[in-house]
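The values are calculated or read from the model by the stated rules, or taken from the named source; none is laboratory data. Here the structure is a predicted model, which is why all the values come from computation and not from measurement. Cβ: placed from backbone, ideal geometry, glycine included. Neighbour counts: every protein chain shown.
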Amino acid sequence: MRKFTVAALALYTISAFAQQSDVIAPPVSQHIVCEHAAPPPGSHWVCDQPDHPCQCHLESNVPGRPILGEGGIQPSPSLSPVDKASGTAACKSVSVRRFVAPFYPETARLGQIQGTVTAYAKLDNKGRVVSVFPEGPPQLYACTVGTLRQWTFHNPQKVKGVTVIFNYKLQWKSLTTDTPPTDISAELPCEVTISSVPEPPPGS
């Protein structure tokens with residue numbers, strides 16, 4: 001009985017060693033984490049450079065159809081020529097009492113979407129914004145509307161609405177630890193420029 005046990009143990013050891021020698025360790029995959037958020041409805045990410053998988057841009061699932069941006073705000077009805085003309089002229093007769101700086105929408109920045117949004121803001125008697133009608137890239141609507149609705153105006157002439165232009169621009173610049181990736185410049189109350197880098201800085 002003892003001899004059988006030792007022999008069986010020796011045979012099991014040899015078999016196990018043979019099996020281990022044939023096992024090939026699976027390759028270790030490299031997990032790359034990119035900053036891309038989930039694409040807006042009706043769009044997808046396209047990555048053109050295999051060596052730089054995080055450098056991607058957004059494309060619509062249907063060619064020619066606009067991509068809705070953060071917040072899913074639908075395009076608003078076009079302004080009448082009278083509202084456009086009166087709003088542009090009115091920005092010279094009011095001043096900003098409370099200013100909230102806009103930001104560059106992350107989905108639009110990573111999708112390399114830029115452009116100008118012309119926003120007509122209706123005002124009440126106290127200079128508060130009661131509604132906003134934007135025209136321009138839909139991907140930039142949510143930030144523009146959300147920002148402008150937080151402004152208040154000093155409106156001595158009691159104008160009904162003002163037009164404010166929001167310029168969203170992407171440009172490369174040298175970044176250091178003290179350099180913000182987004183810059184805001186304004187000629188209040190008529191125009192604001194939001195400038196940011198097209199994609200995250202290397203190593204961020």
The one condition Pro105 fails out of (1) touching a Pro at 6+ places or on another chain (Cβ under 9 Å); (2) crowded, with 22+ Cβ neighbours inside 10 Å is (1)
Only one residue in Ser204, Ser196 is buried (at least 18 other Cβ atoms within 10 Å of the Cβ), farther than 21 Å from Lys84 by Cβ and either in contact with an Asp or Glu (Cβ under 9 Å, 6 or more places away or on another chain) or at pLDDT 90 or above (or both), so which one is that? Ser196
